[in-house]
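For reference, the structure discussed in these notes is given below.
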Amino acid sequence: MTTTTNSPAADRPVADQPLVSIVMAAYNSAPYMPEAINSVISQSYPYWELHIINDGSKDNTAEVVRPFLADPRIIYHEQENTGQARAKNRGLRAARGEFIAFLDADDKWSPDKLEKQLPVFKAHPEAGLVHTNVMLITESGEPLGSPQRSYPQGWISGDLLIDNRVNGMASIVRRECLEQVGIFDESLSMGIDYDLWLRISARYQILFLDEVTYFYRQWAGQMSHRYEERMDNAIRIMEKFLREHPGVVPEDVVNTAWAHTFTGRGYSRFRADRRWADAMSDYLRALRFQPTYVPAWKSILKLLIWRS
């Protein structure tokens, strides 16, 4: 394991200009990394440090990163492949900033991301996390559009338990939050950001800035396509949160969250693999939590029509 540490000269913040530590975990993303790193270098807000963690990549990640290390704000870490949670945690442990931001190695930022998000924290000292809208892009970088959805703000544990509406990598977090609730759960293979945002939401307000500052690349190698593993981790995360934070979310909201989750898993199982019996089982399980949950009833009807 190696770490290349530059002399921290250009990253020293001045009054009212806090240092932002950016964590970028990389695994076989070399073709996209120059664009990602350059999107940090081109920030209009200059007080940042970038921790790049090469998580045992098999490609030429180290070679791609090397020219960027001339910038004293960029710190390179190299380790054996241990997964995204451990890789990101290594960056978090090395981070020195008052604020923490995230950037996946195959994505990129808008040049004014930090300049736009940081003032929200100053205006709202009760906020622990601020996230923004995102733009989906193709593998080659062509825009696909932004998700059309609403984003709850404030004390959002209940909303978040029902549906993860925090654009994870577009978020900036106060370092204080991580000192209070901990860092990423290394026992999870997916959903590590969802788990962390839930823990933060129990102690801090979460705010949304309706600006596109993050460009999320969609390509075939992403783990987000593994729906069964993703859903299993989501259920485990919800169970852990409710066990560790009793009473934070009202019981009726908890029931809605479980109904939503099992309806969603049933939909995914049928859509991906035509697992009719498993999907029906999930829909019926959803109704046990909330017998009037309309999406579950509609899904059951569609299943029966398909089967007939």
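Name, by its number, the condition in (1) touching a helix residue (DSSP H, G or I) at 6+ places or on another chain (Cβ under 7 Å); (2) closer than 20 Å to Thr261 by Cβ that does not hold for Glu186.
(2)
Answer yes or no: is there a residue in region 57-72 that is modelled with pLDDT of 95 or more, among the β-branched types (Val, Ile, Thr) and out of contact with any helix residue (DSSP H, G or I) (no Cβ under 6 Å at 6 or more places or on another chain).
Yes, the conditions are met somewhere in region 57-72.
Out of Ala272, Ala257, Ala286, Ala279, which single residue is closer than 16 Å to Leu160 by Cβ and not assigned by TED's automatic domain parsing to the domain that holds Asp159?
One residue alone meets the criteria, Ala257.
Of (1) under 26 Å from Ala257 (Cβ atoms); (2) of a type outside the set (A, V, I, L, M, F, W, C); (3) assigned to a strand (DSSP E or B), Asn164 satisfies all except one. Which?
Evaluating Asn164 over (1) under 26 Å from Ala257 (Cβ atoms); (2) of a type outside the set (A, V, I, L, M, F, W, C); (3) assigned to a strand (DSSP E or B) leaves (3) as the failure.
The values are calculated or read from the model by the stated rules, or taken from the named source; none is laboratory data. Worth saying up front: this structure is predicted, and the values here are computed from it rather than measured. Cβ: placed from backbone, ideal geometry, glycine included. Neighbour counts: every protein chain shown.
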